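These notes concern the structure reproduced below.
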Amino acid sequence: MSKITELFDLNLLYSNDSASHSREQSLSAHRAQHVEQISISGNLWIDLRRKLADLESQTSYDKLDALTQRLLEWIHMRTGSGELLYVQEIVMQSGVASPATIHKGLVSLERAKLISLRVDTDDARRRIVAPTGRADAMLGELAQGLETWIAARCGMEPSGSADKSRQRAR
């Protein structure tokens, strides 16, 4: 149940017995608590968006358009287990109607030296896609910055899982 729905339900519950002063006080206190939680949630979202924009601007990540960013993220996740990834598979699984759009994104990533494209030795018609060390470093930097921010917000020490994830990907 959402906080707003819960507040509405509490209002209905207590509206039938407005004579009871203690219930009114209880309702007011409960409302104030939920309004504060909603406000904190809204601020958290805004703070997170600001932090992400800040982290992106500290790397070259913000220079990539949204589609190219999603492509890089997908390639990074998909190749993390060591499986080979082919251009054809990216085009087929992208859900984008125009293969040219995906190819344009791949070319942008290759020019930025964030992915490498190499010919498959078993079938020269296929190209194998892999993130470069530069992409791993950039995504690791973003992850580390976010992890540090989250730990600071929660009053905890960063766990270093971003470093572990980067090492796993290599």
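The values are calculated or read from the model by the stated rules, or taken from the named source; none is laboratory data. Computed from a prediction, not measured in an experiment: that's the story for all the values here. What goes into the accessible areas is simple: the full protein's heavy atoms, side chains included, and nothing from ligands, DNA or RNA. Shrake-Rupley method; radii C 1.70, N 1.55, O 1.52, S 1.80 Å.
When Trp149, Trp74, Trp45 are compared by accessible area at a 1.4 angstrom probe, the order from most to least is Trp45, Trp74, Trp149. For the range 103-155, the share of accessible area belonging to carbon and sulfur comes to 53 percent (1.4 Å probe, ligands and nucleic acids excluded). Solvent exposure of His76, expressed as accessible area, is near 20 Å², computed with a probe of 1.4 Å over the protein chains only.
Specify whether the C-alpha gyration tensor of the range 82-137 places it in the rounded, prolate or oblate class, a ≥ b ≥ c being the square roots of the eigenvalues: rounded for a/c under 1.5, otherwise prolate if a/b is larger than b/c and oblate if not. Don't jump to the answer; show the numbers that get you there.
Working: a/c = 1.70, a/b = 1.10, b/c = 1.55.
Note, shape of the range 82-137 comes out oblate.
Counting only protein heavy atoms and using a 1.4 Å probe, the accessible area of Lys104 comes to about 140 Å².
When nucleic acids and ligands are ignored and a 1.4 Å probe is applied, Arg134 ends up with an accessible area of around 130 Å².
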